[in-house]
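Just below is one structure, and these are the notes that go with it.
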Amino acid sequence: MRRFHLLCPSYSGSTMLSVLASWHPEVIGFGDTYPVLPDYSSYGCLCGAPLLRCPMRQAIQERMARCGYPGYDWMRWKAVPAEEEHDAFLLSIEAATGAAVYFDGSKSPDRLLLEPAPDGLVRLVKDPRDAVASYRRYFRGGADAYDVASMFWLGYWSQARVADREARPTCTLYYEDLVAEPAVVLNRLWRFMGVAEIGVPPEAETHVTGHVSILRFRKCGIENHGGKWKQELSAADIEAVHRAIEEFDTEHLAARYFGSA
Ligand SMILES: [Zn+2]
């Protein structure tokens with residue numbers, strides 16, 4: 001089974017991408033499979049079942065038991081799964097789902113560093129102004145926009161770059177392109193993953209982990225949550241984010257989002 005690892009800071013559309021990628025019959029992903037929180041009762045499976053009662057997850061768990069890992073709680077954070085445990089996990093997913101590709105949506109650079117190397121990386125980038133606005137909305141803090149951009153947004157990408165020490169094949173997608181032209185972007189992703197392009201994606205049931213706020217709607221399709229920074233960031237905030245991006249940017253993001261090198 002081929003495996004691809006998603007790199008994307010929080011609040012950047014990772015759940016949405018996991019859902020959309022899994023609309024492909026040959027791709028299976030569970031989104032953020034490894035919540036750090038010990039109590040994940042505010043999360044469920046987007047098939048509608050509570051996490052631990054999702055039939056797909058139970059089938060994988062049964063396969064794991066047959067591989068010698070009874071009671072394997074793969075929803076819980078595991079810093080470094082042993083290699084044979086990891087192999088058993090992938091075999092169990094393959095047997096239970098019949099998918100050819102596992103899309104690991106844990107977003108964790110640590111896992112990338114410590115686990116067996118994936119076949120490729122998928123980077124999802126969102127406008128840093130939106131990332132900063134979301135972070136502040138969630139934490140309700142008056143954190144300085146420069147600090148948030150440099151620590152949270154750029155900090156993640158620096159960590160991700162260090163973790164990608166092997167310079168794996170990488171597909172970079174932009175959130176704004178994904179919501180504007182989902183079929184184009186998804187087919188690029190699927191081509192990269194080595195599965196057939198299937199045109200406009202038909203909506204399908206997925207088993208991505210969802211927060212209770214998404215579960216209310218029992219799905220997570222293509223919804224554009226971008227652009228809120230226009231109402232939420234002051235001119236000084238925007239300038240601060242721009243400054244942080246220019247200071248640390250090595251990937252032309254300043255040019256993409258701020259029209260400057
Ligand atoms: Zn499910």
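The values are calculated or read from the model by the stated rules, or taken from the named source; none is laboratory data. Please read these numbers as outputs of a predicted model, since none were measured by experiment. Glycine gets a Cβ as well: all are built from the backbone with ideal geometry, and neighbour counts include every protein chain shown.
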Quiz item: Taking the stated definitions as given, is E166 closer than 25 Å to E223 by Cα and among the acidic types (D, E)?
Solution: no
Exercise. Could you tell me which numbered condition G194 fails, if it satisfies all but one of (1) modelled with pLDDT under 90; (2) at positive phi?
Key: (1)
Quiz prompt | Some residue of the range 204-226 being at pLDDT 80 or above and under 17 Å from W153 (Cα atoms) | solution = yes
Exercise. For the range 107-121, state whether one or more residues are at pLDDT 85 or above, of a type in the set (D, E) and either under 25 Å from Q58 (Cβ atoms) or out of contact with any strand residue (DSSP E or B) (no Cβ under 7 Å at 6 or more places or on another chain) (or both).
Key: no
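Residue-by-condition table, conditions (1) over 29 Å from Y135 (Cβ atoms); (2) modelled with pLDDT of 80 or more; (3) within 12 Å of the ligand (Cβ to nearest atom):
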{"residue": "P25", "(1), (2), (3)": "yes, yes, no"}
{"residue": "S41", "(1), (2), (3)": "no, no, no"}
{"residue": "G44", "(1), (2), (3)": "no, yes, yes"}
{"residue": "R53", "(1), (2), (3)": "yes, yes, yes"}
{"residue": "E62", "(1), (2), (3)": "yes, yes, no"}
{"residue": "P70", "(1), (2), (3)": "yes, yes, no"}
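Answer with yes or no whether E203 is within 16 Å of the ligand (Cβ to nearest atom), touching a residue at least 40 places away in the same chain (Cβ under 8 Å) and surrounded by fewer than 20 Cβ atoms within 10 Å (Cβ to Cβ). Step through it out loud before you land on a result.
Values: within 16 Å of the ligand (Cβ to nearest atom): yes; touching a residue at least 40 places away in the same chain (Cβ under 8 Å): yes; surrounded by fewer than 20 Cβ atoms within 10 Å (Cβ to Cβ): yes.
Spelling it out, E203 is indeed within 16 Å of the ligand (Cβ to nearest atom), touching a residue at least 40 places away in the same chain (Cβ under 8 Å) and surrounded by fewer than 20 Cβ atoms within 10 Å (Cβ to Cβ).
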Exercise. Select from the range 136-160 the residues that are under 16 Å from the mean Cα position of the chain (by Cα) and at pLDDT 85 or above and list them in ascending order.
Key: Y156, W157, Q159, A160
Quiz item: Out of the range 82-107, which residues are more than 18 Å from I28 (Cβ to Cβ) and either in contact (Cβ under 8 Å) with a residue 12 or more places away in the chain or acidic (D, E) (or both)?
Solution: E83, E84, E85
Practice problem: Could you please find all residues in the range 127-146 being buried (at least 23 other Cβ atoms within 10 Å of the Cβ), within 18 Å of S158 (Cα to Cα) and not hydrophobic (A, V, I, L, M, F, W, C)? | Solution: P128, R129
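Return the only residue of D32, D87, D104 being more than 16 Å from the ligand (Cβ to nearest atom) and either closer than 30 Å to H225 by Cα or modelled with pLDDT under 80 (or both).
Values: D32 fails: more than 16 Å from the ligand (Cβ to nearest atom); D87 fails: either closer than 30 Å to H225 by Cα or modelled with pLDDT under 80 (or both).
So the residue among D32, D87, D104 that is more than 16 Å from the ligand (Cβ to nearest atom) and either closer than 30 Å to H225 by Cα or modelled with pLDDT under 80 (or both) is D104.
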Quiz prompt | Pairs with Cβ under 9 Å, 6+ apart, first in the range 1-18 and closer than 19 Å to P182 by Cβ, second aromatic (F, W, Y) and assigned to a strand (DSSP E or B) | solution = F4/Y102; F4/F103; L6/F103; L17/F103; S18/F103
